[in-house]
Amino acid sequence: MKCLLTRRWGIKKNSDGKNVFWYGYKGHLAVGTKSQYILGAMLSSGNLNDGKAAIPILKGVALQHPNFDFKYAAMDAGYDYEPIYKQVREAKAHAVTAYNRRREPELVGFDEHFAPTCVREHSYRYDSYDSNYETVKYVRPKECESCPLAQDSLCQKVYKMKITIDLRKYCAPARGSKRRKELAKKRSAVQRVNAYLKQFFQLNNVRHRTDQKAKAHFNLVTLVYNVAKLA
């Protein structure tokens, strides 16, 4: 969420080497998908990458709410960095983050969701996750039931992948699975809170002369929002 809270401005270069001008501050939020309470908030300069704010917010949530447990952290592709996956894992949770392909070559023997494929390039189906061994289990595709190659044992029945091999590629639920798509949709709760703060608190149309006032205004707005939700 971008907020025009101060007069601060600057210039930076994007991935293409072009100059990009920015003005104002940016608000970063951690929101409970069911309650839509703001669990963590941080105000930064407008040029800060969203992914760099994720770890401080996650640490802040753990510090301010030590008894709060969550199973999944739904984020968009802008947060697809291995340190963020590790931070979520420290909270004994799973990151439900869209994969951001950074000009990476395609893996032979795997599909677009990094699930193993058979000899005829049919994708193995996600079956379950074993938390004790931290492994994702894939089972043989339905197309292989009548395939002579499978009957000749050229395609194994089960694949088990440890998520620690690559936290970005192998996670629970597995990428491409129905369960993961359902969890990813819950990220819309953050968008609803952002829209609410912008519409009713005018957080993207407020200006202050000092950084201290901008931060105080931002913290006060998040506090009033939570109190209003509680009421």
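What follows is calculated from the coordinates using simple rules that are stated; it is not laboratory data. Bear in mind that the values here come from a model prediction, so they are computed numbers and not experimental data. Methodologically, a virtual Cβ is constructed for each residue, glycine included, from the backbone with ideal geometry; neighbour enumeration extends over all protein chains shown.
The packing ranking, built from the mean of other Cβ atoms within 10 Å per residue, places the peptides 163-169, 42-48 in the order 42-48, 163-169, highest first. Remark: for residue pairs LYS137/LYS162; LYS59/LYS86; LYS34/LYS229; LYS52/LYS181; LYS26/LYS215; LYS26/LYS213, the C-alpha separation exceeds 19 Å in LYS52/LYS181.
In terms of the ratio Rg/(2.2 N^0.38 Å) built on C-alpha atoms, what value belongs to region 103-231? Walk me through the numbers on the way to the answer.
Details: Rg = 23.5 Å, N = 129, 2.2 N^0.38 = 13.9 Å.
Rounded to two decimals, the normalised Rg is 1.69.
Kirkwood radius and radius of gyration were both taken over the C-alpha atoms of region 113-174, and their ratio Rg/Rh is 1.01. Simple spin-label estimate for GLN202 and LYS186 gives 3.6 nm between the two label positions (7 Å along the Cα-to-Cβ direction from each Cα). Take the Kirkwood radius over Cα pairs of the chain, plug it into Stokes-Einstein at 4 °C and 1.567 mPa s, and you get 64 µm²/s for translational diffusion.
Over region 38-168, the hull volume per residue, using the convex hull of the C-alpha atoms, is 125 Å³.
Treating each Cα of region 163-231 as an identical point scatterer and summing with the Debye formula, the log10 of I(q)/I(0) at q = 0.21 Å⁻¹ comes to -0.87. Summarising the label geometry, the points placed 7 Å from Cα in the beta-carbon direction at TYR133 and ASN100 lie 3.4 nm from one another. From its DSSP helices (H runs of at least four residues, each -39,500 (n - 2.57)), the chain gives a residue-normalised ellipticity at 222 nm of -9000 deg cm²/dmol. Relative to the longest principal axis of the Cα atoms of the chain, the long axis of helix 188-200 makes an angle of roughly 10 degrees. Annotation for LEU107 and LYS229: the two label points, set 7 Å from Cα along the Cα-Cβ direction, are 3.6 nm apart.
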